[in-house]
Amino acid sequence: ISMTADEKIKESERWLEKIMRSYHHSNRTDLIDNVIAFLNCVNSIPDHLLEEYNQKFLGITLQDKLFPNVFKIEAKKQSHHVAQQFIMDFKSEKGKIESDPIGKILTTKRDLNTHRDNQKTIKRVVVVGGVKKSDAFSVNFPELVGNVDDSCEKLLNLMKGLVSILRNKYP
């Protein structure tokens, strides 16, 4: 079984480092690009974890779409009770992230940016690391309170928690 969720976690950590570097150097274009790349990457962690457990339990082919409901239907069809319990827990844990204030904002922003509308810059954010407050710049997360890098780090930690919880319960 490949551990692609681990690879996506590592990739997300690299994007977060880039966010922190661009944030502290007040490079708005780099920050926006890095935040968008981070959000795409970090939000793919559950999808990659789902594929790992598909490989472990069910064997849905790469030619078929894999969504939680597809997994659930196939687990029921195969009468795979552990897979059925896994997908219920998966949905529950993912729902916790999507109901967390920061998780909800950042997953929604990613979905809008990816599928509907580019996110324009409208909110002033606090820039740290010796950058003067007058040099602060904007990203489109008006709902966030505090630093965008702190929020991204929290989302990554929520995703790591999802992976850890499910792997501990379904080794």
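Among the candidates N69, N54, single out the residue that is open to solvent by 60 Å² or more (accessible area, probe 1.4 Å) and without any contact (Cβ under 8 Å) to a residue 24 or more places away in the chain. Explain how you work it out, then say what you get.
Numbers: N54 fails: open to solvent by 60 Å² or more (accessible area, probe 1.4 Å).
Going through N69, N54 in turn, just one is open to solvent by 60 Å² or more (accessible area, probe 1.4 Å) and without any contact (Cβ under 8 Å) to a residue 24 or more places away in the chain: N69.
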Given the conditions (1) open to solvent by 50 Å² or more (accessible area, probe 1.4 Å); (2) not in a loop (DSSP other than H, G, I, E, B), which single one is not true for I19? (1)
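The values are calculated or read from the model by the stated rules, or taken from the named source; none is laboratory data. Model, not experiment: these values are computed from the prediction. Neighbour counts are summed over all protein chains in view; Cβ atoms, including those assigned to glycine, are modelled from backbone coordinates with ideal geometry. With ligands, DNA and RNA removed, areas are computed over all heavy atoms of the protein, side chains included. Shrake-Rupley method; radii C 1.70, N 1.55, O 1.52, S 1.80 Å.
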